[in-house]
Every structure is written in C-alpha cells, then in structure tokens.
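Engineer: The structure's right below; bear with me while I get my questions together.
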Amino acid sequence: MKILELKAEKRTTKGSKAVTKLRMTGKIPAMLYGHKQDNVMLCMRADEFTRILHTGTRMLYLTYDNQKESALIKEIQYDHVVDRVLHVDFSRINLDERVKLRVPIELTGESVGVKEGGILTHVMKDTEIECLPTSIPEMIRVDVSELGLGKAIHVRELPVLEGIRYLSDVETVVVSVHQIVEKKAETEEELLAEPEVIAKKPKEGEEPAEAGKKA
C-alpha cells in the first residue's frame, strides 16, 4: 500500500482573525497531536489536502520542517454553506500499532424486500473498527440483495475483512426492510356519523340546551 505525503508548514499565529486570513490565502489550519508529544500547529494548501481526501485515504505522511510523521486524519471541520474544509485534526500513529476509528458503511444491490414493496432503512451510516493503519478500508460495503421483508442486517453480520475488528455493538441494526403500514380507512358509519355537539353554557335566564341538539 502506497502512503501519500502531504506537505505542511508550521504556523505560529492562532485565533479567529489569524485563521480567517490564512483561509483567504487558500490554506487550511490544522493540528497534529498524540503519542505524548507536543501539539504542533500546522497549515497546508487546501487544494493539496482536498486531492488526498478524494482518494479515500485516512492515513498519510505529514512533512514539515524536514520532519516526516505518519498521521491519521482524525477530524475534519466543514463549512457546509460554502462547501469547504475549515480545520483538520491529525493524530500521530505508528504503522505497527492498531488504531480505532469510524468508517462509513455503503449499501450495494437492490433488496428483494424493496422489490416486494417494502421500505429500506439505512440505520447505521458508519461503524467503529480497529485495525493497523495500513489496513484501514475506505468504507465497509454491505450487500442488501437478499434482504427480505421484515429482515435486518446487524453489526455481527457485516462482511469479514482481514485484519479488521468491529467494535460497535454486535446487535446494532445496520439496515432493515419493513412493510409499508397503510392507514386504516374509516368505515362508512364513521364517515356519516354526526359529531356530538357540546352544549353551550346558557346565558342568564335561558334554559340549558340538550346535548346533541342546537340550543
């Protein structure tokens, strides 16, 4: 497995004004931490980070100040209004040390239950796994072709991948197919039934009206 490299540079300024100015120059602020070492404030070109992100990789080599560190993309903050990355957290890792992270779950195929008129619900969009950094999958693909009405796929039934251990609760439902529940039609008697009229409180000097009749 080829590990991609991302060039970064140290930054000394922090605060909202400083990072806003940084973003205006086409760079993304970042933080590198972990392994009981000092945190390092970094920044990198937005287009370079986006290019690597689109490959689906989660781990990479960060190079800065003549240093090269293996790191995991731990968290990305987005501005969803303008669709851009605001900040990235990197976590230091060793290539021979197992890591824990969440990876997305992708559904493939068309469920037989859906073909029979059921509704498919993708309950669990990602799952927590543990593996070596070099074995991190881009996603977990789940084939739902044989999933029938009233059936579900749980974490315990996720595909077995070499070197991957699932950490999420094995009984958690990942995806299910259920029957459409139609609203019970009202009977003719219910439709024709005259609603009961609640008598108004009589004014002083008036006789009270009987329930179900106009006053």
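The values are calculated or read from the model by the stated rules, or taken from the named source; none is laboratory data. All values derive from a computational prediction rather than experimental measurement. With ideal geometry, Cβ positions are generated from the backbone for all residues, glycine too; neighbour counts draw on all protein chains shown. Note: accessible area is taken over every heavy atom of the protein model, side chains too, but ligands, DNA and RNA are not part of it. Shrake-Rupley method; radii C 1.70, N 1.55, O 1.52, S 1.80 Å.
Engineer: Which shape class, rounded, prolate or oblate, goes with region 1-87 when its Cα gyration tensor gives a ≥ b ≥ c as root eigenvalues, a/c under 1.5 marks rounded, and past that a/b bigger than b/c marks prolate?
Structural biologist: Note, shape of region 1-87 comes out oblate.
Engineer: Compute the Cα gyration tensor for region 1-151, then decide on rounded, prolate or oblate, letting a ≥ b ≥ c be the square roots of its eigenvalues: rounded whenever a/c is under 1.5, prolate when a/b is larger than b/c in the other cases, and oblate in all that remain.
Structural biologist: Prolate shape, in that a/c is at least 1.5 and a/b is the bigger ratio.
Engineer: Between region 87-133 and region 34-66, how many Å separate their Cα centres?
Structural biologist: Answer, in whole Å: 22.
Engineer: Shifting gears a bit: Leaving ligands, DNA and RNA out of it, report the carbon-plus-sulfur percent of the accessible area of region 58-160 at a 1.4 Å probe.
Structural biologist: 45
Engineer: While we're here: What is the sum of charges, Lys and Arg at +1 and Asp and Glu at -1, for the other residues whose Cβ falls under 14 Å from the Cβ of Glu162?
Structural biologist: Charge balance in the 14 Å sphere: +1.
Engineer: Can I get the semi-axes of region 78-162's equivalent ellipsoid? Compute them from the C-alpha gyration tensor as square roots of 5 times the eigenvalues, in angstrom, largest first.
Structural biologist: 31, 20, 9
Engineer: Need one value: the accessible area of Arg102 in square angstrom, 1.4 angstrom probe, rounded to the nearest 10.
Structural biologist: Looks like 110 Å² after rounding.
Engineer: How much accessible surface does His178 have with a 1.4 Å probe, in Å² rounded to 10?
Structural biologist: 80
Engineer: So what does Met31 come to for accessible area, using a 1.4 Å probe and Å² rounded to 10?
Structural biologist: 50
Engineer: Another question, if that's okay. Do the alpha carbons of any pairs in Lys36/Lys74; Lys2/Lys151; Lys27/Lys74; Lys17/Lys125 sit beyond 28 Å of each other, and which pairs?
Structural biologist: Violating the 28 Å Cα-Cα cut-off are Lys2/Lys151; Lys17/Lys125.
Engineer: Further question: So what's Rg/Rh here for region 120-159, counting alpha carbon atoms and using the Kirkwood radius for Rh?
Structural biologist: Result for region 120-159 is an Rg/Rh of 1.01.
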